[in-house]
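Scroll down for the structure; my scribbles are underneath it.
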Amino acid sequence: MKVLTTGGAGRISSTVASARIDFATTPVILDNLSTGNAEFVEDRIFYRSDIADTELDRRIFAEHPDLDAATHCAALAAMEEPVREPLAYYRENVAKTAALLENLVESGRRRRAQY
């Protein structure tokens, strides 16, 4: 079983990806590395891009037909910036998540990841 893990190069999400491996599940990581660490995705299936990139999402789904679920961890998470730029954070964290969900549903993937 494979699970799409968005934001998988972050500290928490890379730990989630490692836990997937411990539970005999293969993480397919999607991260733009804007805040993530490339070292965290070494030796893993990794795509560097935005979560709302519909063409890449379709390519991932085509290349991994056994992708059964998704764990969404990608987000901008800062303390002061969202107050200064709320629309930018809304666009990144809400609108792009909606686009990712639309792409998942369009591809026929409707399950949430479970252990």
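The values are calculated or read from the model by the stated rules, or taken from the named source; none is laboratory data. This structure is a prediction, so every number in the text was calculated from the model and none was measured. Virtual Cβ from ideal backbone geometry, glycine too; neighbours counted across all protein chains shown.
Take the conditions among the aliphatic types (A, V, I, L, M), surrounded by 15 or more Cβ atoms within 10 Å (Cβ to Cβ) and within 20 Å of R11 (Cα to Cα) and apply them to A70. Does it pass? Judged against the criteria, A70 is a match. Restricted to helices (runs of 4 or more DSSP H) entirely inside the stretch 13-108, those with at least 3 residues that are at pLDDT 90 or above, closer than 13 Å to K2 by Cα and not small (G, A, S) are 54-63.
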